[in-house]
1. Within the set of pairs 6 or more residues apart or between chains, which connect a residue that is more than 15 Å from residue 96 (Cα to Cα) inside the stretch 62-79 to a residue that is modelled with pLDDT under 95 and of a type in the set (Lys, Arg) with Cβ atoms less than 9 Å apart?
2. Would you check if there is a residue in the stretch 99-118 being more than 18 Å from residue 22 (Cβ to Cβ), assigned to a helix (DSSP H, G or I) and at pLDDT 95 or above?
3. For the stretch 60-74, which residues satisfy the criterion of being crowded, with 17+ Cβ neighbours inside 10 Å and not small (Gly, Ala, Ser)?
4. Of all residues in the stretch 23-62 being aliphatic (A, V, I, L, M), part of a helix (DSSP H, G or I) and at pLDDT 95 or above, which is nearest to residue 153 (Cα to Cα)?
5. Say whether the condition of being part of a loop (DSSP other than H, G, I, E, B) and more than 13 Å from the chain's Cα centre (by Cα) is met by at least one residue in the stretch 68-77.
6. Name the residues in the stretch 86-104 that are crowded, with 16+ Cβ neighbours inside 10 Å and either without any contact (Cβ under 8 Å) to a residue 12 or more places away in the chain or closer than 16 Å to residue 76 by Cβ (or both), would you?
Amino acid sequence: MAVGRGTIDGVAVIALLHGPNLNLLGQREPHIYGSATLADYEATVTAVAAQHGHTVSALQTNHEGDLVDAIHRARGEAAAIIINPGAFTHYAWSLHDALAAFAGPIIEVHITNPNAREPWRHTSVVSPVATGSIVGLGLLGYELAVEAIARKLTE
């Protein structure tokens, strides 16, 4: 693995960022989002990252500015970002701009497939600045995001 920003002794820090209402996973519309909790998602990402020798710094917030601040912090503290911006995906240009200033890989994830839902969910302002997007695969999507980052960090 290339050693650089967001690495400590060759171990990469992956920032795992969640936007609004994702703190309600497991409770909010389980017929859409499933029964896994945010803690389940964080534990899975942490375990898969550890298999690759990486660590995870997780944050969930319901506030756009807090998410922007977390992305800014990641510029000096993380080698990569996995982000599920929630509803901010569709209109929060401040996230777009903050992510555009991040030098490492960025994987946008969504538990459901926004393109198979309401028309207002079809637009992502995050996708244009993400390295890649994984949608509609639930918890598996997060596992795949870590795998993608692990590969990107070795390139």
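The values are calculated or read from the model by the stated rules, or taken from the named source; none is laboratory data. Everything numeric here is computed off the predicted structure, so don't read it as measured data. All Cβ positions, even for glycine, are placed from backbone atoms using ideal geometry, and neighbour counts span all protein chains on display.
1. These pairs meet every condition: 76/5; 77/5; 78/5; 79/5.
2. Yes, that holds for at least one residue.
3. Within the stretch 60-74, 60, 61, 64, 67, 68, 71 qualify.
4. 49
5. no
6. 98, 99, 102, 104
Conditions tested, residue by residue: (1) closer than 17 Å to residue 125 by Cβ; (2) in contact with a helix residue (DSSP H, G or I) (Cβ under 7 Å, 6 or more places away or on another chain).
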residue: 50; (1), (2): no, no
residue: 68; (1), (2): yes, yes
residue: 90; (1), (2): yes, yes
residue: 93; (1), (2): yes, no
residue: 100; (1), (2): yes, yes
